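*Asks:* Right, I'll just put the structure down here and ask away after.
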Amino acid sequence: MSEFVFLYRRPAKDRTVQQMQESMQKWQAWFKTMEQSGHLANYGQPLDTKGGRVVKDKQGGYTDGPYAETKDIVVGYSVIKAKDYDEAVALTHGHPIFDQDGMVEIRPLFKMEA
Amino acid sequence: MKLDGGFFRQEAARLLATLTRAFGMANLALAEDVVQETLADAFETWSYQGVPPHYAALLTTAAKNRAIDVFRRQRTARRFAPELQWHIESEWALAPAVEAMFLPDALKDDELRMMFTCCHPRLGEDVQVALVLHLLCAFGVEEIASAFLVSPSAIEKRISRGKKLLSESGQLFELTRADFLPRLSAVHRALYLLFNEGYHGASALAVVRGDLCRDAMRLVRLLVDHQPSATPTTYGLAALMWLVAARLPARIDQAGNLKDLFEQDRSMWDEQLLGEGMRFLERSASGDMITEYHVEAAIAGMHSAAGEARATPWADILELYDVLMKIRPSPVVALNRAVAIAQHQGPAKGLEAVRAIEDAGRLTTYPFYPAVLGELELRCGHVEVARKHFQEAHRLARNQGERRFLDNRIEDCTPKTVPGRQDPVRR
């Protein structure tokens, strides 16, 4: 089993209360299937998309961002266990982020061979 | 944890009402932003590991903290509610003042104030209802548009027209104002329309319609629980809603077919709502004023009390429709009265009554007008005429449920099935 970070990306968009609630329930359902099938290593966290700073030099110079208008801003991450890329990709099946014009970036964690 | 679909909308509405009081009506948009951000953050967080048990308190605290933050950042830039101005300027008084605004009792009154505010006499009823749905039920523009089968831009226009007038009027409606009672009757009307849209409305989605009915009932419940607004008329309106809502579970069968009053499985009616509705009906009788809500509730009560469709006391119901035609005549009421006449005196008399409806011109887009004509003609044995009426009704039908209902009626007009109909009641 390898571990993969799932980076959730989607454009920031205002949604109605009903839409937010439905989305929340679908995310919870997806996490539940990951957990029950033994694929969940770590829930991870959502990230606040309203602000952020990108520090660009050792003097602490920074720019604000990423901006909310940016498409495909990272809105959160989880750590998922899978045998390989194929399985990791298959696990994103049914993830609600695709209903929100979003995507999942899958990045493997390094594993030291013992 | 199982969360009812309307729960978070209800929380959003509650927070919006209080934030609007805190910020002042002129800053309604700011209050809406704060609610939106508070909920968006909460939902993001809860998407991962679930909704915590004390979610309501968490939402309130989050909204409160954001409000304090807004006051700090904008105390010089904006004018807030006058009674808060002094507190805002003093750092140590700010937090306790905001704290007090978010106590449970204050929250409940704020929703009432918001409700009365939305029913401003200078706004048309369609605007009032749109505002109630938007500000007190937290529905988005597109959601309201889909419930009413109106374009989103039309709803957007209604809402922005309404909000503009409200923000110019400056403040939330105070419940101690002299014009409380006239405003209360505007509130009754708006909630009645909201409920009706849920029960008879255009949207095809059972969920949407159930939501509208439940929201109207939640808001009427606030009126019932607040002594000055718990008038006999409020009880009449509550009785009407509870008694009619009790039938909702039987209104659409498992196959998704619309069932009218006569063909519903009455064992599916909600006993608890019926009981509560009957108690409201008793309490509505204490005044000397009879409103359309009283009469409609009384009619609903008679249907509920009749154990089966055949036991319906049509003579009494007809009398009530006569009263209703005096208090609040409308072509729809006249049409329902004609159905009662047909039940009581036969389909031929019913047809006469339908043809005598004065402003029937207003019913030309209402699918149930030709549907009733078809039903009565069919019962008179005029199968061909009946079929034409049902086809017309089908053309006007607003959603799949209505179309299916009428498909079955058109099917009934094929000669082979007619002789098999033993019980000639309107199904």
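The values are calculated or read from the model by the stated rules, or taken from the named source; none is laboratory data. Because the structure is a prediction, the values reported are computed rather than measured. So basically every Cβ, Gly included, is an ideal-geometry build from the backbone, and we count neighbours across all protein chains shown. When the accessible area is computed, the model is the full protein with side chains, heavy atoms only, and any ligands, DNA or RNA have been set aside. Shrake-Rupley method; radii C 1.70, N 1.55, O 1.52, S 1.80 Å.
*Asks:* For every other residue with a beta carbon closer than 11 angstrom to the beta carbon of B:Leu123, add +1 if it is Lys or Arg and -1 if Asp or Glu, then tell me the sum.
*Replies:* Counting the neighbours of B:Leu123, the net charge comes to +3.
*Asks:* Could you order B:Met289, B:Met302, B:Met101 so the one with the most accessible surface comes first? Probe is 1.4 Å.
*Replies:* B:Met289, B:Met302, B:Met101
*Asks:* Starting from the 7 Å offset along Cα-to-Cβ, what nm value, one decimal, do you get for the label separation of B:Asn65 and B:Tyr48?
*Replies:* According to this spin-label approximation, the distance is 1.6 nm.
*Asks:* How would region B:33-150 be classified by its alpha-carbon gyration tensor: rounded, prolate or oblate, with rounded meaning a/c under 1.5 and the a/b versus b/c comparison settling the rest?
*Replies:* Oblate is the answer for region B:33-150, as a/c is 1.5 or above yet b/c matches or exceeds a/b.
*Asks:* Can I ask one more? For peptide B:35-44, what's the mean number of Cβ atoms from other chains within 10 Å of each residue's Cβ?
*Replies:* What the average comes to for B:35-44 is 5.
*Asks:* B:Ala230 to B:Ala56: extension gain in nm, 0.36 nm per residue of separation minus the Cα-Cα distance?
*Replies:* Gain in length upon complete extension: 59.9 nm.
*Asks:* Within 10 Å of each Cβ of A:46-59, how many other protein chain Cβ atoms are there on average?
*Replies:* The shielding value for this peptide is 1.
*Asks:* Treating only the Cβ of Lys, Arg, Asp and Glu as charged (+1, +1, -1, -1), what charge dipole size does the protein assembly as shown show about its Cα centre? Round to the nearest 20 debye.
*Replies:* 600 debye
*Asks:* Pick out which of B:Ser229, B:Ser90, B:Ser160 has the largest mean-square fluctuation in a Gaussian network model of chain B, springs linking Cα atoms closer than 10 Å.
*Replies:* Evaluated over chain B, the most mobile residue of the options is B:Ser90.
*Asks:* Let me ask something additional. Can you tally the net charge around B:Leu193? Count Lys and Arg as +1, Asp and Glu as -1, for every other residue whose Cβ sits under 10 Å from the Cβ of B:Leu193.
*Replies:* Net local charge, B:Leu193 excluded: -2.
*Asks:* Given the pairs B:Lys64/B:Lys108; B:Lys326/B:Lys349; B:Lys259/B:Lys388; A:Lys26/A:Lys71; A:Lys50/A:Lys81; B:Lys157/B:Lys326, which span a C-alpha to C-alpha distance of over 26 angstrom in this model?
*Replies:* The pairs that break the limit, which is 26 Å between Cα atoms, are A:Lys50/A:Lys81; B:Lys157/B:Lys326.
*Asks:* Sort the protein assembly as shown into rounded, prolate or oblate with this rule: let a ≥ b ≥ c be the square roots of the eigenvalues of the Cα gyration tensor; rounded if a/c is under 1.5, and if a/c is not under 1.5, prolate when a/b is larger than b/c, oblate otherwise.
*Replies:* Taking the square roots of the gyration eigenvalues as a ≥ b ≥ c, the protein assembly as shown is oblate.
*Asks:* Given Cβ point charges of +1 (Lys, Arg) and -1 (Asp, Glu) and nothing else, what value in debye, to the nearest 20, does the dipole of chain A about its Cα centre take?
*Replies:* I would put it at about 240 debye.
*Asks:* Can you give me the distance in nm between label points at A:Ala29 and B:Trp314, each placed 7 Å from the Cα along the Cα-to-Cβ direction?
*Replies:* 4.7 nm
*Asks:* Pop the C-beta distance of A:Phe98 and B:Leu107 into the FRET formula with R0 = 41 Å and round what comes out to the nearest 0.05.
*Replies:* Approximately 0.65, to the nearest 0.05.
*Asks:* Per residue of A:20-27, how many C-beta atoms from partner chains lie within 10 Å of its own C-beta, taken as a mean?
*Replies:* What the average comes to for A:20-27 is 6.
*Asks:* Please check which bits of region B:206-242 a label hung off B:Met268 would reach, taking the label as a point 7 Å along Cα-to-C-beta and the cut-off as backbone N under 17 Å.
*Replies:* Backbone N within reach: B:206-211.
*Asks:* Mind telling me which of B:Leu107, B:Leu94, B:Leu135 comes out most flexible in a GNM of chain B, alpha-carbon contacts under 10 Å?
*Replies:* Residue with maximal mean-square fluctuation among B:Leu107, B:Leu94, B:Leu135: B:Leu94.
*Asks:* With the Cα gyration tensor of region B:264-326 giving a ≥ b ≥ c as the square roots of its eigenvalues, does the rule (a/c under 1.5 for rounded; else a/b larger than b/c for prolate; else oblate) give rounded, prolate or oblate?
*Replies:* oblate
*Asks:* Right, something else. Hey, how many Å between the Cα centroid of region A:92-113 and the Cα centroid of region A:20-35?
*Replies:* Taking the Cα centre of each part, region A:92-113 and region A:20-35 sit 15 Å apart.
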